[in-house]
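Q: One structure, pasted below without further comment.
The values are calculated or read from the model by the stated rules, or taken from the named source; none is laboratory data. These figures come from a predicted structure and were not determined experimentally. Positions of Cβ are backbone-derived with ideal geometry, glycine not excepted, and every protein chain shown enters the neighbour counts.
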Amino acid sequence: MSPSVVALTVISVIVAVGSAIGFSARYGRRMDLEQWACAGRGLGLVLVWLLMAGEMFTAYTFLGASGWAYSRGAPVFYVVGYWPLGCVVGFFILPLIWEAGHKHRMQTQADFFQVRFGSKFLAASVALLGVVSLIPYMQLQLTGLGLIVEEASYGGIHRTTAMVVAFALVAAFVFVSGVRGVAWVSVLKDLLLLGSAVFIGLAVPHIYFGGIGRMFTAIERAKPAHLVLPGNTLNLGHAWYISTVLVSALSFYMWPHFFAATFTAKNGQILRRNAALMPLYALAIPFMLFVGFTAVLVLPGLRDGDLSVLLIVRKTFPAWFLGLIGGAGALTAMVAAAIQLLCAATLYAKNLIRPIFAPKMTEGQVAALSKLIVLVLTAGAVLLAIYSSVSLISLYLLGVNGVAQMLPGVLLGLFSRRATTAGVFAGLITGVVIAAALTLTNHDPFHGLNAGFLGLCINFAVTGVVSALTRVHVTGFDAIPAELATVQPSSAAGLQ
């Protein structure tokens, strides 16, 4: 049997088992909007941990991080820096978001803005920004899927075919099982992914250099500039590193699908424990970097650094193991894409189309429309992935610049009763315009600073000034800021 057939068989089995788990997760449950988007608000610590970790450890980490280690060098270390800091932010805000969501039956990030600030137009803007920011993230997963299957099949299957087939499966089990299906598939995905990452991260440097330390010593001798900022780049220096770590950490839970995953938990205590445990998952990230750094000397001159993991595994191990790594990577991309699709579709249907264009839509009609939008977004993401060649981490950072602009509205919405609708709206628009203008005109970084970070700083300033000059609009959310703005000991005790 040829290596291509062996590898493809292993990948197909893994993807088939994962898809079967996703489809079966809905067994015995009526998939209304609450169950589809929030899993009935009944997930425990393990499933919430796997769901959130599954959303974070994606093709961006599996292929993109090692790709940047190969092609750009030291700037990739920002990936290691922001994750633990983001979990610190989550430790303090996620239980409060859950409390607000539980009280007001929120299902999306835009629901938070709608209830807190009382403006359907602000909520619709947040929904639109969320969907637009998720598109490059979904494109990232699709591109990763195509790369994995194409390389694991030794070129036997073109990446376009792989993307279409895999995303058809993703759309199908999202359509059928919702967020609960994603959480259950994450169990299999995480077992395969973590084991694979640790093994190849230790084995590959040992095989070629005798260990991780010797591998870094060899790179230091051959390419010393690769391991210090700005690495193999001209403008990703210390200011970029610090600003990118900060904006990525602060906006860690501002991704719409991370934010919405908060509402799936049984209680706020689960989310606080989850934030404390999440950095353990991040321990797998350095192992992927080790593989990318090893490939710098073992596979010099690669056209696409994102291929470094797959090519070095193909060079080093038998076909069945390449299939195992490819299957783990494919399932990783599919799980992340599934939750992103689900969240984007729910945002679009519930917080953009219904309030602005069809206010009389029922919950059942919103659920049906969300499922239809899953198919539309899937087709759009496939087309973008086919006709775009941007690196995986660049796609991720593009999305970060957008979702970061939601942070002032969330933080001030939780901790300040003085934040106004006009202030948050003005800050959001200003931050998005600045980040988008700098990014689209190729001025990111700007004087060394991350464009999203600059947009966020100005966003906060504009939100504060405009809020000070405008009148507070009291809404049905007023009870939550009264309880949380000063974080009373009695309120916090129940969440510890």
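Q: Taking the stretch 348-393 only, how many residues are surrounded by 18 or more Cβ atoms within 10 Å (Cβ to Cβ), assigned to a loop (DSSP other than H, G, I, E, B) and among the β-branched types (V, I, T)?
A: Qualifying residue count, the stretch 348-393: 0.
Q: Would you tally the residues in the stretch 186-210 being surrounded by 13 or more Cβ atoms within 10 Å (Cβ to Cβ) and over 22 Å from the mean Cα position of the chain (by Cα)?
A: 11
Q: Looking at V432, is it over 21 Å from the mean Cα position of the chain (by Cα) and crowded, with 22+ Cβ neighbours inside 10 Å?
A: Working: over 21 Å from the mean Cα position of the chain (by Cα): no; crowded, with 22+ Cβ neighbours inside 10 Å: yes.
No: the conditions fail for V432.
Q: Could you tell me whether R159 is charged (D, E, K, R), closer than 30 Å to R303 by Cβ and surrounded by fewer than 24 Cβ atoms within 10 Å (Cβ to Cβ)?
A: Details: charged (D, E, K, R): yes; closer than 30 Å to R303 by Cβ: yes; surrounded by fewer than 24 Cβ atoms within 10 Å (Cβ to Cβ): yes.
Here the answer is yes, as R159 does meet what is asked.
Q: Go through the stretch 188-218 residue by residue and tally those that are touching a Phe, Trp or Tyr at 6+ places or on another chain (Cβ under 6 Å) and within 18 Å of Y70 (Cβ to Cβ).
A: So the count comes out to 6.
Q: Right, here's the next one. When R214 is evaluated against the numbered criteria (1) modelled with pLDDT of 95 or more; (2) surrounded by 16 or more Cβ atoms within 10 Å (Cβ to Cβ), which criterion, by number, is the only one it fails?
A: (2)
Q: Restricting to helices (runs of 4 or more DSSP H) lying wholly in the stretch 198-274: which have 1 or more residues that are over 30 Å from S186 (Cα atoms)? Outline the logic, then answer.
A: Numbers: elements: 212-222, 238-250, 256-261.
By residue number, 212-222, 238-250.
Q: Now for a separate question. Of the residues G44, G90, G118, only one is touching a His at 6+ places or on another chain (Cβ under 6 Å), farther than 30 Å from A225 by Cβ and small (G, A, S); which?
A: Details: G44 fails: touching a His at 6+ places or on another chain (Cβ under 6 Å); G90 fails: touching a His at 6+ places or on another chain (Cβ under 6 Å).
Residue meeting the stated conditions: G118.
Q: Could you check how many residues of the stretch 299-318 are surrounded by fewer than 20 Cβ atoms within 10 Å (Cβ to Cβ) and assigned to a helix (DSSP H, G or I)? Give the derivation first.
A: Going through the stretch 299-318, the residues surrounded by fewer than 20 Cβ atoms within 10 Å (Cβ to Cβ) turn out to be 299-304, 311, 315-318.
Still in the list and also assigned to a helix (DSSP H, G or I): 311, 315-316.
Adding up the residues that qualify gives 3.
Q: Looking at G178, is it under 23 Å from S4 (Cα atoms) and at pLDDT below 80?
A: Values: under 23 Å from S4 (Cα atoms): no; at pLDDT below 80: yes.
Against the criterion (under 23 Å from S4 (Cα atoms) and at pLDDT below 80), G178 does not qualify.
Q: Quick check on the stretch 262-276. Is at least one of its residues surrounded by fewer than 22 Cβ atoms within 10 Å (Cβ to Cβ), free of Cβ contacts under 8 Å to residues at least 60 places away in the same chain and at negative phi?
A: Checking the stretch 262-276: not a single residue is surrounded by fewer than 22 Cβ atoms within 10 Å (Cβ to Cβ), free of Cβ contacts under 8 Å to residues at least 60 places away in the same chain and at negative phi.
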